[in-house]
There are 2 protein chains.
Amino acid sequence: MSLSMKPSRPFRLPVLALLALTFAYSPAMAATVASVESPDKTLRVELDLDDGRIGYRVLREGKPLINTSRLGFLFQNAEQLQRDLAFTSQATRSFDETWEQPWGERRLTRNRYNELRTRFTEKINLKRDIDVVFRVFDDGIGFRYEFPDQPQFQDVRITEELTEFDVARPATAWWIPAGEWNRYEYLYNTTPLSEVGRAHTPMTIRTDDGVYVSFHEAALVDYAGMWLQRVEGRRLKAQLSPGSEGWKVRRTAPFHTPWRTLTISNRAGGLVESSLILNLNEPNALGDVSWVEPHKYLGIWWSLHLETQSWASGDKHGATTAETKRYIDFAAKHGFRGVLVEGWNPGWDGQWFANGWGFDFTKATPDFDIEELGRYAKDRGVHLIGHHETGCAVSHYERQLSDAFALYARNGVDAVKTGYVCDAGQIERQDVADGPVLREWHDGQWMSNHHLRVVKEAAKHRIAINAHEPIKDTGLRRTYPNWVSREGARGMEYNAWGNPGNPPEHETMLVFTRLLAGPMDFTPGVVSLKGRNGQVFHSTLAKQLAQYVVLYSPIQMAADLPEHYEQYPDAFHFIKDVPVDWEDTRVINGEPADFVTIARKQRGGDDWFVGAVTDEQARTLSLPLDFLDAGRRYEAQIYRDGEGADWKTNPHAFTVEKKQVRRGDTLSLWLAPGGGQAIRFRAL
Amino acid sequence: MSLSMKPSRPFRLPVLALLALTFAYSPAMAATVASVESPDKTLRVELDLDDGRIGYRVLREGKPLINTSRLGFLFQNAEQLQRDLAFTSQATRSFDETWEQPWGERRLTRNRYNELRTRFTEKINLKRDIDVVFRVFDDGIGFRYEFPDQPQFQDVRITEELTEFDVARPATAWWIPAGEWNRYEYLYNTTPLSEVGRAHTPMTIRTDDGVYVSFHEAALVDYAGMWLQRVEGRRLKAQLSPGSEGWKVRRTAPFHTPWRTLTISNRAGGLVESSLILNLNEPNALGDVSWVEPHKYLGIWWSLHLETQSWASGDKHGATTAETKRYIDFAAKHGFRGVLVEGWNPGWDGQWFANGWGFDFTKATPDFDIEELGRYAKDRGVHLIGHHETGCAVSHYERQLSDAFALYARNGVDAVKTGYVCDAGQIERQDVADGPVLREWHDGQWMSNHHLRVVKEAAKHRIAINAHEPIKDTGLRRTYPNWVSREGARGMEYNAWGNPGNPPEHETMLVFTRLLAGPMDFTPGVVSLKGRNGQVFHSTLAKQLAQYVVLYSPIQMAADLPEHYEQYPDAFHFIKDVPVDWEDTRVINGEPADFVTIARKQRGGDDWFVGAVTDEQARTLSLPLDFLDAGRRYEAQIYRDGEGADWKTNPHAFTVEKKQVRRGDTLSLWLAPGGGQAIRFRAL
């Protein structure tokens, strides 16, 4: 890049002319001021200053992965922070701790990194200090800005963050578009990185030399969510979700941004196995969270999407006392802890999603006796699961929050699914009752705060939260372990609504993109394989079982109707057996959009579970049983696609078989087109 | 596209199910509600409603050019306007008028179109009316939104315009990135359309079936400039330039947006010859503009970029009385009307571009006697050209505007170059003296208004404006004919600053992109071909002359130093002869980024002028002299690359020859690598 690419005005040119004479057009004009490596020295981050502008770059095994990329901010009420900076100081430290997750995809998590903390100071104008902190792990990096306490940062109004990620190599990218719709519910694109437009995170890429990188953020607190804008070439820029006032983020120093993260591996599975996002989050702030119980649940939900029942009142109303008891009975019989009920409260009649202001969360509809049902459930070891669909009238919801949770807590509800559906609009914020209504974005600063207000209020009532149409997961479940799951992608409901539903590759995409952020309430297990009007969707029966292992969530729904599970008892057996809390997780194989095999060990037990899924192609995958405990025998209970199974023509072809295996054996898993396989390794 | 791609909630599904039964999965679910064709019926625009959402599409010769694309708005203080719309009414009319430009690339301009005016009304919530108006010309389309006077539009605060342009075919795109820097000064990218990130307009494409389209806007008044964001595939979306408050545009109805324009042709040259942008602008509002005189000028400017002189005071100060007299003498001797002087006023010492608040526009530096120079120039038929570099302290500038223009008017200055350089920041707006300072974008709503305040105030003083680091040109020169030119792209100054300077293809790019918006003050004609430190830049001598014909502006600089023109008298002869105001313009041939040949007829005379330029490749171009007037003889005065000329090795090889020609003859123009040719056809 030539010196004159970013032209500067004459007063600088004598300096550049001097440098030109000195270095004779050498492109390496910037001076490296600091660097830090991963503990295993595979990754290296270098910071440089080029004409007063900070740049960082990332090398892997000595080769550029991210070329020098800029940092900085635009402000509404101050000069931009981007140039004329001097390097002031640095500090490094190393950290290595193993911590225990109260629930999760693994119990013990190692947090080991080298940290570089740097301070830069403006040489002109406001002479502000800004800190940039890098943590380099063996499996990736995170960096964030810290705004030190200074008079100039009394009221910081960020209009844009100027962070860039200039990818050094051509790459394939798996991504969904950002800034369009108020949800993350898109099918993923597979394109060259150079064809990305504007993307949500996680966005995952694989470079042409086989390095997998997933871009995301950790600890999104009191800040706007970050999109990735590709302006030209392979240079991505942060674009913050907009706000309703003249800024995207408003804070007072001292404060810090979320961590901008790159999870890096030479295997796709390495991205899944990484705990980088959680490790960058603050430890548990809630204290005892034994009341957060991972569980499986059923619900009056699928019928609503099939339209055989309705959210709205009337003779199709799903959320009635009698119908809920039927579900509770079924749950109790089969060992499911929870029953979700949607449509239980006033506000569903009419165009609820265009007018969330009609919802009342403090009482039930006349035909839903919540107290009776709370007792009925409790007597059977079941809990009702609550539902707070806001219709995006978020301030209206918040004003009822405490009473709403109290109502639930009184009636044995300790988990709530929230919703933010507003296809006709945006989030509606009203700071003062009867005051002006402002429109916010689902992932802007205001909503990042709203979600935490909900989670914290819920914790007071010992209630867990499962947010739909949410803000993206950035690992805050570590700090608030009652934030158990969320939607934030296309889940099972898309299969209810008819063609085309989710494509066969969907699960294989989610594992390497959406699920890198955290658990997803995908609501798997629709064994009937049919949506509305009897339309068959794009999966085999065996894949519906594999979903429970492949798509991690501490809460998992058996989403189909009870009567359908009764028609498929063999398949249902696996759903009843599969745990939702894990000691450990290993990705055996996998490629985004193609296939994946995951093995997980039950927490508090000795069994292992494996799930494998494929896209539209049949595959035979090798499963070396290296993960089984040495010296034990297991009965492999195999639930697989039957002979001739095919998502298009024969999705219900299904076989269950058993065999004894031990560590060191290898199984060969044949997956049908659009198929899967689920295995319980029952320790003997 | 499946019905369930944009999922809707249950209350709509019965309707969709019904449609599914009725149309059996036909993708053409939307109903066409209105359409309009071009006068020659080549272009057709169709409007449809799909589930209450408006879409428009464009066909050319019956084939899709723009697939159904959405329209709408997001607001800070109201629900979005995007769906649940019903078609209320339509009106069509035809228009055909020929009008005369007071100056321009042609004198007579035909404005012929068919107009479709439509009204849509929301069925729910606020029940707002919104009008969408299409004008279809033989060479393109323009459309805009009109917000009718309604209580709901009392205070409209737009946070995004949702206009889309879903290009139907693969295409090559020529574009510069938007939303990064506060200028348009980039080299153009040539990429597949699918690799565009976020682009400024004009953006030009050529589809795989040979249709050229340029995307732009017309009549950008009291609104934010539009960028084009490619989110995925070939679907472009409008993204408005941000504002400093909680919206991008704030207006009260009735008002209308700028016209979103597509200039369309089966020849690249057809884009250049089109007057669509001007035709969509309002007629001249200033009345008599005979005081706006197209002219050529010299200036104390190149020396500043060469650093042999300085803007700042001291012994290298360029803007002194003596030096300016030297330029005035040279201008008078060679028939140049204007002498630009930069650095004439206080504020240039120190870091001016980081602190525009130090500029004073109401008085000169002690060594610049503006009154003496005004008289000196007047006695010689020359005018000083003023310079108002704001350093982006725009409110500070505005507070001095009237006095600054009055000073100039008193001293014979009737043209001013303005500047908005602020590499260290953004536009600084301060509504109240000593009040808070907000940051604005160069092309946001506030700056769109600032520029018109300047132009209107200048008109009161009979002063023409040439804006550098401006907002993009959208044809407002029709309404305000004293807005004569602007920069808004990389001009000659990039060649002053050393390698790499502008590449050989640069002019051929500008003609088919930037220059489609309007005139550019490129400042051509640096016959020495050298920038700072004697570095040769990427052009032959003949191309420097061709620039005067190929890069249209009513004001053209002879940008080099007088002493350099004295070294190249033959080349200078053409510069002295070439007019800057035209009766007509024809593009003989050309392809973006490759080559172009343009012929123009002098206004008020009989001569024709031709300019041809090529990129890094040598070319032989055929020039059929069909444009010459029948029955006349002409002396072709040919200024061309000499034998062996080459921008890399032999840029000054140059030949002048003369021959008699007439209409019907054909000339063969050989252009060297990085070369050009300029011809005066002197009518005999």
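The values are calculated or read from the model by the stated rules, or taken from the named source; none is laboratory data. Remember, predicted model here, so these are calculated numbers, not experimental data. Heads up, the Cβs are rebuilt from the backbone with ideal geometry, glycines too, and the neighbour counts pull from every protein chain shown. Please note that ligands, DNA and RNA were not included when accessible areas were found on the heavy atoms of the full protein model with its side chains. Shrake-Rupley method; radii C 1.70, N 1.55, O 1.52, S 1.80 Å.
If you count only protein heavy atoms and use a 1.4 Å probe, how large is the accessible surface of residue A:250, to the nearest 10 Å²?
100
Pairing the Cα long axis of helix A:445-460 with the longest principal axis of chain A, what angle in degrees results, from 0 to 90 and rounded to the nearest 10?
50
Given a cut-off of 29 Å, name the pairs among A:363/A:456; A:576/A:658; A:127/B:472; A:363/A:530 whose C-alpha atoms lie farther apart than that in the structure shown.
A:127/B:472; A:363/A:530
Helix B:541-550 sits at what angle to the longest principal axis of chain B, using alpha carbons and giving 0 to 90 degrees rounded to 10?
50
Taking residue B:624 in one copy and the same position in all the others, each labelled 7 Å out along Cα→Cβ, what are the pairwise distances from the first, in nm, shortest first?
So the distances to the same position in the other copies read 7.3 nm.
Mind checking which aspartates and glutamates have their C-alpha under 14 Å from residue A:296, skipping anything on the same chain fewer than 8 residues away?
A:414, A:521, A:560, A:577, A:581
What part of the accessible area of segment A:432-537, given as a whole %, is carbon or sulfur when the probe is 1.4 angstrom?
Looking at segment A:432-537 in its full context, I get 52 percent from C and S.
Just the Cα atoms of segment B:522-633: what Rg and Dmax do they give in Å?
Values for segment B:522-633 (Cα only, Rg and Dmax): 14.8, 51 Å.
For residue B:435, place a label point 7 Å out from Cα along the Cα→Cβ vector, do the same in each other copy, and report the separations in nm, one decimal, smallest first.
Relative to the other copies, residue B:435 has label-point distances of 2.2 nm.
From the protein chains alone at 1.4 Å, what is the descending order of accessible area for A:460, A:648, largest first?
The ordering from most to least exposed comes out as A:460, A:648.
Quick check for me: using +1 on Lys/Arg Cβ and -1 on Asp/Glu Cβ, what's the dipole size of chain B about its Cα centre, in debye to the nearest 20?
Computed about the Cα centre, the dipole is about 1420 debye.
Need one number: nm distance between label points at residue B:660 and residue A:127, each 7 Å from Cα along Cα→Cβ, rounded to one decimal.
Using points 7 Å along Cα→Cβ, the separation is 7.8 nm.
Just name one of A:468, B:85, B:303: the one whose Cα is farthest towards the positive end of the charge dipole of the protein assembly as shown (beta-carbon charges, Lys/Arg +1, Asp/Glu -1).
Toward the positive end, the furthest listed residue is B:303.
Report the charge-dipole magnitude of the protein assembly as shown in Debye, nearest 20, computed about the Cα centre from +1 at each Lys and Arg Cβ and -1 at each Asp and Glu Cβ.
760
Rounded to the nearest 10 degrees, what's the angle between the helix A:13-23 long axis and the longest principal axis of chain A, both from Cα atoms, 0 to 90?
Helix A:13-23 sits roughly 90 degrees off the main axis of chain A.
With a point put 7 Å past each Cα toward its Cβ, work out how far residue B:209 is from residue B:632 in nm, to one decimal.
Distance between label points: 4.2 nm.
Any idea how far the Cα center of segment A:93-145 sits from the one of segment A:517-551, in Å?
38
Where the eigenvalues come from the Cα gyration tensor of the protein assembly as shown, what are the semi-axes √(5λ) of the equivalent ellipsoid, largest first, in whole Å?
62, 34, 30
Hey, can you rank B:542-551, A:675-684, A:625-634 by average C-beta count inside 10 Å, highest first?
Descending packing order for the listed peptides: B:542-551, A:675-684, A:625-634.
Separation of segment A:601-628 and segment B:445-486 by C-alpha centroid, Å?
68
Given the whole protein assembly as supplied and a 1.4 Å probe, what does the accessible area of residue A:403 come to in Å², nearest 10?
Roughly 100 Å² of residue A:403 is accessible to a 1.4 Å probe.
Using every Cα-Cα pair within chain B, state what percent have a distance larger than 43 Å.
Tail fraction, whole percent: 25.
State to the nearest 20 debye the size of the charge dipole of segment B:599-684 about its Cα centre, where the only charges are +1 on K and R beta carbons and -1 on D and E beta carbons.
Charge dipole, segment B:599-684, about its Cα centre: 400 debye, nearest 20.
Quick one: buried accessible area between A and B, total over both chains, 1.4 angstrom probe, nearest 100 Å²?
Counting both chains, the buried surface is close to 6300 Å².
In peptide B:155-162, how many Cβ atoms from other protein chains are near each Cβ within 10 Å, on average?
2
Using a 1.4 Å probe and counting only protein heavy atoms, arrange A:146, A:371 so the residue with the most accessible area comes first.
So the residues, ranked largest to smallest area, are A:371, A:146.
Going 7 Å from Cα along the Cα-Cβ axis for the label, what nanometre distances separate residue A:372 from the same residue across the other copies?
Going from nearest to farthest copy, the values are 10.3 nm.
Per DSSP H run of at least 4 residues, take -39500 (n - 2.57); add these up for chain A, divide by its residues and hand me the 222 nm value, nearest 500 deg cm²/dmol.
-4500 deg cm²/dmol
Provide a whole-number value for the mean count of partner chain Cβ atoms within 10 Å of the Cβ atoms in peptide B:426-432.
The shielding value for this peptide is 1.
Please compute P(r) over all alpha-carbon pairs of segment B:365-501, binned at 5 Å starting from zero, and give each bin as a whole-number percent.
All Cα pairs considered, the percentages come to 2, 9, 17, 20, 19, 16, 11, 5, 1, 0.
Hey, what's the Cα Rg ratio for segment A:356-400 versus the globular rule of thumb, 2.2 N^0.38 Å?
1.38
Summarise the partner chain shielding of B:442-453 as one whole number: the mean count of Cβ atoms from other chains within 10 Å of each residue's Cβ.
Mean number of neighbouring Cβ atoms from other chains: 0.
Over the protein assembly as shown, with the other protein chains present, what is the accessible area per residue in square angstrom, probe 1.4 angstrom?
32
Shape call for segment A:589-670 from the C-alpha gyration tensor, a ≥ b ≥ c root eigenvalues: rounded (a/c under 1.5), prolate (a/b greater than b/c) or oblate?
Because a/c hits 1.5 or more and a/b exceeds b/c, segment A:589-670 counts as prolate.
Need one value: the accessible area of residue B:668 in square angstrom, 1.4 angstrom probe, rounded to the nearest 10.
Using a 1.4 Å probe on the heavy atoms, I get roughly 90 Å².
Go through A:257-265, B:34-42 and give me the packing order, highest mean Cβ count within 10 Å leading.
Highest mean packing first, the order is A:257-265, B:34-42.
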